[in-house]
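Contents: one structure, followed by commentary.
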Amino acid sequence: MTSISRREFVTGVTVGATALGVHCGLGYSAEKNPGANEQLGVMVVGCGGRGRSSHIKQFLDDPRTKILYVCDPDTEYLELSAAMIEKAQGSKPKVVRDMREALSDSSLDIVSCASSNHWHALCGVWSMQAGKHVYIEKPICHNIHEGKALIAASKKYDRLCQVGSQCRSNPAVKDAFDFIAKGGIGEIKLVRGLCYNRRKSIGARGAYGWPKTLDYNLWSGPAPMVDPVTRPQFHYDWHWQRLFGNGDMGNQGPHQTDMARTVLGVDEFPVSVITYGGRLGYPEERKDPNYVDAGDTANTEVSIFNYADGKTLVFETRGLPTKPFRGAMAGVVAYGSEGYWVQQAYSKTKVFDLKGKLVREFTGGNDRYHFDNFITAVLAHKPEMLAADARCGHLSAGLSHMGNISYYLGEKNKVSPEEAARVLKDVPGLDDHLETLKRTCEHLVENKVDLAKTPISLGPMLKFDPKTETFVDNEDAKKAETREYRGEFVVPDAAKV
């Protein structure tokens, strides 16, 4: 089937919706409530690791859904997924490289997106324009502009949009949040998010190709078609190149930023951010001082966010070998006036008193809880039932984007620990910023990073307006809220979805 352009696609959806008299477009709507014996039709977009291990598995395991389509620009992934689904559900889904080929199918109710980050928002916008409900992996968007577009599309087309922040649905987190909301650790004004996630070098930067089974134009989509590819491993390692991914600050990080801002009790963006860090340690790891890793996102990154009500969120990313902080690696530490809470894993959280004595432990959870929440909300057509809607995903991913923007703008501003300390001592907030800097530098030195030869970068302190959701007094930061889109793959402004 010949791919239709974005203009043709959007026009077709609008006309179809009008002709049917359905406010929400094609597909499942308030007028099409599945009966007790009717299943919701699903398309899974992105059939790599996460798509197969979670999205496909969860929809196969739920009797209320049936996978009708799988979509991926790589035919190798398509065939693997189709065979897996056929064996499990007894019928083979249709395979498409371009998701637009399936969106006019009225039997399709849900689009579940596990693609690369730069495709998340456009997948969601197109799907909701076509009247489909969407489940989108975190981060829900590649930049701040895209998060706004998803919120607008969900409202305009009356479609449910769930982001894959599955911790929210886990009993280990839900029960802990309930305990904290009732004053379990007292007043909270400071939260620390942690992404201590070991990431080795992805290989030397060079000139590489892409898989023969891949439609590279479709894979690139909203991003530029970079030729040659500069990373040795095409799939997954796009996470560490900023044109497509968001580094671990925006990969693993949104799980922790989501928990951190929620337990802090903030439902808007902060008023400022400053970030320091770098992509450090790989020349030492490879024992080659001239080694240049193919990634261009930070593997060591500390962002300080301050909110209008005086609360502070500090986020630490470490990709080199490190020890846990208060028992957590990829987790959260919330500091209360009467104790502190630690998310040590997706399914395990603990409460301690001020002396470090264990008070309560909360356990339980897996992906099933979050997908069940989504499907149940879709069947009821009640967006308020969602554990993590588009706005929730936008706020949590937005913290990652803000932190990265400060880092990127200051990437060439190389400073010594002493120079960084002189700036950070004047940064507002409730955290001991100099102690955090000291721990970070000690961590780098432990990994044989010579901070005199490869110093950290210090980004600018950026002001942000939570009401307009845009940076203030910095045009470069404002430009970084969005990107240059390509041809038919434009993520529209929120006002134009």
### Task
Those residues that are within 15 Å of Tyr485 (Cβ to Cβ) and under 17 Å from the mean Cα position of the chain (by Cα), I need them from the range 224-245; list them, please.
Leu243, Phe244
### Some residue of the range 370-381 being touching a residue at least 24 places away in the same chain (Cβ under 8 Å) and either within 29 Å of Glu446 (Cα to Cα) or over 23 Å from the mean Cα position of the chain (by Cα) (or both)
yes
### Task
Looking only at the range 166-174, decide whether some residue is open to solvent by 10 Å² or more (accessible area, probe 1.4 Å), more than 23 Å from the chain's Cα centre (by Cα), modelled with pLDDT of 95 or more and over 20 Å from Arg242 (Cβ atoms).
no
### Task
Find the residue count for the range 240-257, including only residues that are of a type in the set (S, T, N, Q) and buried (at least 24 other Cβ atoms within 10 Å of the Cβ).
3
## Note on the structure
Within the range 107-155, of all residues that are touching a His at 6+ places or on another chain (Cβ under 9 Å) and of a type in the set (Phe, Trp, Tyr), the one nearest to Lys478 (Cα to Cα) is Trp119
### Summary
Being among the hydrophobic types (A, V, I, L, M, F, W, C), under 21 Å from Leu190 (Cβ atoms) and either in contact with a strand residue (DSSP E or B) (Cβ under 8 Å, 6 or more places away or on another chain) or open to solvent by less than 30 Å² (accessible area, probe 1.4 Å) (or both) narrows Ala260, Ala294 down to just Ala260
### Message
If Gly429 satisfies all but one of (1) surrounded by 13 or more Cβ atoms within 10 Å (Cβ to Cβ); (2) touching a Ser or Thr at 6+ places or on another chain (Cβ under 8 Å); (3) under 24 Å from Arg198 (Cα atoms), what's the number of the condition it fails?
### Response
(3)
### Task
List the number of the failed condition for Asn373; all other conditions in (1) in a helix (DSSP H, G or I); (2) open to solvent by less than 30 Å² (accessible area, probe 1.4 Å) hold.
(2)
### Message
With crowded, with 24+ Cβ neighbours inside 10 Å, modelled with pLDDT of 95 or more and not acidic (Asp, Glu) as the only criterion, which of Gly393, Gly356 stands out?
### Response
Gly393
### Query
Counting only residues that are part of a loop (DSSP other than H, G, I, E, B) and touching a strand residue (DSSP E or B) at 6+ places or on another chain (Cβ under 8 Å), which one in the range 338-366 is farthest from Phe269 (Cα to Cα)?
Leu354
### Query
Can you find even one residue in the range 246-267 that is of a type in the set (D, E, K, R), more than 20 Å from His394 (Cα to Cα) and in contact (Cβ under 8 Å) with a residue 24 or more places away in the chain?
no
### Task
Please enumerate the residues belonging to the range 78-95 that are within 26 Å of Gln129 (Cα to Cα), among the hydrophobic types (A, V, I, L, M, F, W, C) and open to solvent by 10 Å² or more (accessible area, probe 1.4 Å).
Val95
### Summary
How many residues of the range 451-497 are open to solvent by 60 Å² or more (accessible area, probe 1.4 Å), of a type in the set (Asp, Glu) and more than 21 Å from the chain's Cα centre (by Cα)? The answer is 4
### Query
Is there a residue being touching a His at 6+ places or on another chain (Cβ under 8 Å) and open to solvent by 10 Å² or more (accessible area, probe 1.4 Å) anywhere in the range 379-390?
yes
### Query
Is it true that Arg326 is open to solvent by 30 Å² or more (accessible area, probe 1.4 Å), under 26 Å from Lys348 (Cα atoms) and basic (Lys, Arg)?
yes
### Query
Quick check: anything in the range 132-145 touching a strand residue (DSSP E or B) at 6+ places or on another chain (Cβ under 8 Å), farther than 21 Å from Asp215 by Cβ, open to solvent by 10 Å² or more (accessible area, probe 1.4 Å) and at pLDDT 95 or above?
yes
### Task
Please specify each residue of the range 40-54 satisfying the condition of being open to solvent by 10 Å² or more (accessible area, probe 1.4 Å), part of a helix (DSSP H, G or I) and of a type outside the set (Ser, Thr, Tyr).
Gly49, Arg50, Arg52
### Query
Give me the pairs: first residue in the range 164-188 and in contact (Cβ under 8 Å) with a residue 40 or more places away in the chain, second residue part of a loop (DSSP other than H, G, I, E, B) and crowded, with 22+ Cβ neighbours inside 10 Å, beta-carbon distance under 6 Å, and six or more apart or on different chains, which are they?
Gly164/Glu137; Gly164/Lys138; Ser165/Lys138; Ser165/Ala388; Arg168/Ala388; Asn170/Gly365; Pro171/Gly365; Ala172/Gly365
### Query
If you check every pair at least six apart or on different chains, which have Cβ atoms under 7 Å apart with a residue in the range 110-127 that is open to solvent by 10 Å² or more (accessible area, probe 1.4 Å) first and a residue that is among the charged types (D, E, K, R) second?
Ala114/Arg50; Ala114/Glu137
### Task
Would you mind listing the helices (runs of 4 or more DSSP H) fully within the range 184-269 where at least 1 residues are of a type outside the set (Phe, Trp, Tyr) and farther than 16 Å from Asp296 by Cα?
216-220, 253-264
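The values are calculated or read from the model by the stated rules, or taken from the named source; none is laboratory data. Since the model is a prediction, treat every value here as computed from it, not as a measurement. With ideal geometry, Cβ positions are generated from the backbone for all residues, glycine too; neighbour counts draw on all protein chains shown. Each accessible area value is taken on the protein alone, full model and side chains, heavy atoms only, with ligands, DNA and RNA left out. Shrake-Rupley method; radii C 1.70, N 1.55, O 1.52, S 1.80 Å.
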